[in-house]
1. Could you give the length gained by full extension between A:Arg431 and A:Glu325, i.e. 0.36 nm per residue of separation minus their alpha carbon distance, to one decimal place?
2. If you put +1 on each Lys and Arg Cβ and -1 on each Asp and Glu Cβ, how big is the dipole of the range A:318-460 around its Cα centre, in Debye rounded to 20?
3. Below 8 Å, C-alpha to C-alpha, sequence gap of six or more: please give me the relative contact order for chain A in percent.
4. Could you give the length gained on full extension between A:Asn74 and A:Asn363, defined as 0.36 nm per residue of separation minus the Cα-Cα distance, in nm?
5. 7 Å from Cα along Cα→Cβ at both A:Glu114 and A:Glu51: what's the point-to-point distance in nm?
6. Once you put a point 7 Å from the Cα of A:Lys241 and another 7 Å from the Cα of A:Lys87, both along the Cβ direction, what distance in nm separates them?
7. Just to compare against my own numbers: the Cα pair-distance distribution for the range A:339-460, 5 Å bins, whole % per bin, please.
8. Distance between the C-alpha centers of the range A:108-144 and the range A:222-258? Whole Å please.
Amino acid sequence: MTLNPQTPKAYRLLHDGILAFARAEQQGIRVDLDYVEKKKIWVTNKMDKLEDHFKRTNLYHHWAHAVKGKININSGTQLAHFLYNVKKIEPVKFTVTGKGATDEEALKQLNIPELDILLDRTRYKKAWDVLNGFEKEQVTGFVHPFFNLHLVRTYRSSSDSPNFQNIPKRDEEIMQICRRALVPREGHQLVEIDFSGLEVRIAACYHKDPKMLEYINDPKSDMHRDMAIQIFMLDKFDKTKHNILRQAAKNGFVFPEFYGDYFGNCAIGMAYTWCKLPQSKWDRGQGITLDGDNFTISDHLIAKGISSLDDFTDHIRVIEKDFWENRFPDYAEWKDRWWKIYQKYGYVDLLTGFRCSGVMGKNDSINYPVQGAAFHCNLWTFIELDRIMQKEKWDTHLIGQIHDSIIMDVHPAELPHVIETAKRVAGTDLRNAWPWIIVPLDIDIEYCPIDGNWSEKVKL
DNA sequence: GGAACTCGCCAC
DNA sequence: AAACGTGGCGAGTTCC
């Protein structure tokens with residue numbers, strides 16, 4: 001892609017950003033090499049046991065026979081051929097090239113217990129790959145991930161060698177295995193600051209939808225809670241019992257809708273990923289259990305008259321229509337307007353002074369400027385903290401960044417000052433520098449114990 | 001023997 | 001009518 005800053009200030013942001021990132025790259029992140037070495041063996045053992053278990057199944061022997069002994073359990077291609085051509089199972093999911101898929105979602109739905117062993121092994125293999133990456137890239141006990149500003153078409157950053165922006169987090173066990181490897185310098189602690197709801201807030205700077213601004217400005221309001229109530233037809237929202245449904249609404253409906261997805265995919269995603277419900281007709285007792293109740297999500301939905309994925313999809317269709325027509329009409333209008341601008345001029349401009357051009361679809365023309373400008377808020381904050389860190393000669397260092405967050409290796413005595421500074425830079429200075437930010441911005445802080453590791457991160 | 005591709009999976 | 005944005009990386013596979 002071609003970098004396309006339209007103003008000296010925009011150019012300057014990248015120039016200063018590269019220099020600040022270079023300092024973080026040079027600093028690096030400390031790795032517990034003893035741990036990595038031992039844990040890789042442990043993970044290998046785990047994988048071997050699962051492999052042995054799988055090798056004792058009939059499915060394995062059929063597969064081995066089908067490929068004349070040249071079986072490779074790491075090969076999705078081979079598995080697809082065996083399942084869909086040899087065994088003639090009808091795929092429930094297809095890849096972009098139209099072949100039967102063998103990812104987790106596809107295999108789970110085949111209801112073949114033997115395949116669960118294979119899927120479990122894949123989890124550990126992922127962990128092994130991450131640990132191996134740290135080991136391969138470390139130099140005298142430190143990894144030095146690169147943070148690139150010239151590779152992403154939305155003007156976000158990328159990271160490599162190792163990629164510091166995709167270390168497992170969601171799967172608790174795999175997260176623990178991987179993040180335990182990253183530690184602070186002696187006597188220090190790892191701290192992460194992250195912007196709350198950054199992309200949603202920056203999007204609001206473009207479309208200025210009053211309902212969205214209300215959600216952002218009123219700390220008592222909660223868009224995801226409201227959507228959970230609507231989607232799952234809750235009479236009363238219980239913070240602990242229904243938190244999983246709030247997560248489902250947020251990550252399965254609200255965010256995909258903002259990215260340009262539609263109700264069909266959202267319904268499938270929410271039913272499968274979050275509620276653990278099958279694609280067929282739902283029976284009572286299926287799916288996740290609502291915390292503190294002897295009551296599953298299917299019990300609840302069936303009682304509300306929704307007893308299959310088809311019913312649920314119809315339901316989400318209505319909610320989508322309401323979402324864009326009644327809840328966020330100005331946001332919806334902005335999306336159409338922005339797409340028309342792209343169609344007329346062939347480019348869209350970011351609020352931060354950059355231009356996106358080239359062939360784009362509607363979703364791109366809406367997503368790129370939001371993603372880019374949101375990241376630039378994080379970049380500006382990174383640059384400013386880096387500048388202050390040098391000027392005040394902190395024994396605290398910026399060591400990484402993940403789109404809307406900054407990771408630091410902090411001297412404990414400096415922690416209060418670092419937090420205070422970060423809150424001021426992100427919450428006040430940034431808005432003063434960029435008056436187009438018409439929404440409040442704030443950061444959440446997470447920290448690890450002194451001499452702890454990155455898996456021990458907790459909210460302040 | 002390496003480049004290019006596909007697939008799957010991790011993050012935001 | 002059609003239908004999810006941005007990356008990196010490993011492994012397997014195919015092509016030249």
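Read the figures in this text as sums done on the coordinates, not as results from a lab. Keep in mind the model is a prediction, meaning the values are calculated, not measured. Here the Cβ positions follow ideal geometry from the backbone for every residue, glycine too, while neighbour counts run over all protein chains shown.
1. Separation in residues times 0.36 nm, less the Cα-Cα distance, equals 35.1 nm.
2. The calculated dipole for the range A:318-460 is roughly 640 debye.
3. Once divided by the residue count of chain A, the mean separation gives 23 percent.
4. Separation in residues times 0.36 nm, less the Cα-Cα distance, equals 100.6 nm.
5. Spacing of the two 7 Å Cα→Cβ label points: 1.8 nm.
6. Result for the modelled spin labels: 4.0 nm.
7. All Cα pairs considered, the percentages come to 2, 9, 18, 18, 15, 12, 9, 7, 5, 3, 1, 0.
8. 31 Å
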